[in-house]
1. Can you tell me which condition Ser99 does not meet? The list is (1) open to solvent by 40 Å² or more (accessible area, probe 1.4 Å); (2) touching a residue at least 24 places away in the same chain (Cβ under 8 Å); (3) farther than 30 Å from Glu218 by Cα; (4) not charged (D, E, K, R), and all the others hold.
2. For His136, which of the numbered conditions (1) over 30 Å from Gly337 (Cβ atoms); (2) in contact with a Pro (Cβ under 8 Å, 6 or more places away or on another chain) fails to hold?
3. So, Val307, is that one at pLDDT 95 or above, surrounded by 16 or more Cβ atoms within 10 Å (Cβ to Cβ) and farther than 27 Å from Glu236 by Cα or not?
4. Tell me, yes or no, whether the range 251-259 has at least one residue that is of a type outside the set (Phe, Trp, Tyr), modelled with pLDDT under 95, under 17 Å from the mean Cα position of the chain (by Cα) and farther than 20 Å from Phe355 by Cβ.
5. Within the range 1-51, which residues are within 20 Å of Leu112 (Cβ to Cβ), in contact (Cβ under 8 Å) with a residue 12 or more places away in the chain and of a type in the set (Gly, Ala, Ser)?
6. From the list Glu234, Glu266, which residue is modelled with pLDDT of 95 or more and surrounded by 15 or more Cβ atoms within 10 Å (Cβ to Cβ)?
7. Working only within the range 279-296, note down all residues that are of a type in the set (Val, Ile, Thr), in a helix (DSSP H, G or I) and open to solvent by 60 Å² or more (accessible area, probe 1.4 Å).
8. Out of everything in the range 119-173 that is under 16 Å from Gly18 (Cβ atoms) and open to solvent by 40 Å² or more (accessible area, probe 1.4 Å), what residue ends up being modelled with the highest pLDDT?
Amino acid sequence: MGKLTVAVRDHQYNVHIGQDTYELFTTEYAELLGTVDRIAIIADERVAAIYLPLLQKSLQSVNCEISVKTVPAGESCKTSAVYVDCLSFLLNEKFTRDSLLIAFGGGACGDLTGFVAATFMRGIRYLQCPTTILAHDSAVGGKTAINMPEGKNMVGSFHQPVGVLFNTRLFESLPPREIRSGMAELLKHALISNEEWTLELLSTPSFSQPSIEWLSRELLRGIEVKAKIVSEDEFEHSTRKYLNFGHTFGHAVEGVCGFGGLSHGESVMIGMVYSLILSEDTGAVDEALTIRFIQFANTHGYTFQPVHEHGFDVFMNYMEKDKKVSFGKLNFVLLDGIGRPYVKELSKAQCEQAFYQLRQRTKGDVKK
């Protein structure tokens with residue numbers, strides 16, 4: 001079982017990854033669970049239909065009432081209506097400041113649950129029990145949020161969990177699209193931290209069909225990258241912004257596709273190519289890397305279709321609402337070579353030029 005510690009200014013917690021992590025409820029987390037008066041599992045409805053009994057069985061020795069609140073699968077749960085519904089559920093179930101929430105689902109469910117925990121009675125404790133590869137990024141670091149029609153993650157809070165338990169057995173039933181989504185975030189962690197690791201991933205034939213054993217090791221590497229950055233900059237004033245590589249345009253893709261029309265990771269893959277093209281302008285990224293990256297994405301089933309179906313202004317409308325916009329200026333995370341991220345202010349003209357470069361270089365991805 002893999003384990004690492006995330007340490008921020010006033011709090012630290014452990015991240016566990018392996019096949020038997022739920023056994024920790026009776027060992028490492030027994031003391032914590034003994035201090036709560038009620039527990040609510042906020043569960044993705046699809047995940048709950050398959051794996052909720054497994055989680056409930058692991059918690060059967062807990063000496064308090066456990067309630068279950070199911071929410072829509074994926075990004076559909078990150079709405080104001082679902083958020084308020086969860087708060088009402090907790091109030092009606094008589095939850096208090098001594099209660100505990102457990103997020104049981106993918107990254108979207110974790111974001112929602114974390115925001116509910118951050119705001120219910122001004123903040124209560126919560127555990128992350130992620131069920132997707134993608135959540136190796138979102139479950140660590142304390143960012144919580146819901147979406148607005150105008151943009152992704154526009155309403156949220158920083159609220160760190162008390163622990164993160166990845167049960168890799170649950171990854172075995174993930175559909176190909178969910179695997180691609182999570183692996184894109186893994187590749188992002190490599191691109192902003194380590195050239196050798198990045199080239200290893202780009203040369204891995206089984207990247208989009210990984211074994212659980214290989215995946216467990218690689219996810220721990222990705223979590224280590226994020227844990228180090230979060231420890232340095234919990235509230236995203238400096239280096240934590242590097243974790244947004246590919247996300248400014250990627251979030252715009254998600255918005256254009258209707259938040260769920262294309263998965264987060266698939267959208268970020270498009271965003272990373274866009275950011276590589278922008279990075280070429282400084283001369284720090286060679287065009288050959290971008291071409292290799294596009295070929296890699298095509299080989300592993302990622303799509304660039306949205307950039308051929310919508311005009312630049314539609315994407316720009318979302319990018320202008322991005323949280324990284326400051327005084328009306330667009331800020332992008334670029335690379336000064338693999339493993340060397342930095343933030344650069346760009347003009348609308350530069351963004352538009354890169355968009356048409358992206359279209360040109362991915363035109364073979366357009367479906368007839």
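1. (1)
2. Every listed condition holds for His136 apart from (1).
3. When the stated conditions are applied, Val307 passes them.
4. No: the range 251-259 contains no residue that is of a type outside the set (Phe, Trp, Tyr), modelled with pLDDT under 95, under 17 Å from the mean Cα position of the chain (by Cα) and farther than 20 Å from Phe355 by Cβ.
5. Scanning the range 1-51 gives Ala40, Ala43, Ala48.
6. Glu266
7. Residue satisfying the conditions is Ile291 alone.
8. My answer is Arg169.
The values are calculated or read from the model by the stated rules, or taken from the named source; none is laboratory data. Computed from a predicted structure; not experimentally measured. Note that each Cβ is placed from the backbone with ideal geometry, even for glycine, and that neighbours are counted across all protein chains shown. Accessible surface is based on the protein model in full, side chains and every heavy atom, while ligands, DNA and RNA are left aside. Shrake-Rupley method; radii C 1.70, N 1.55, O 1.52, S 1.80 Å.
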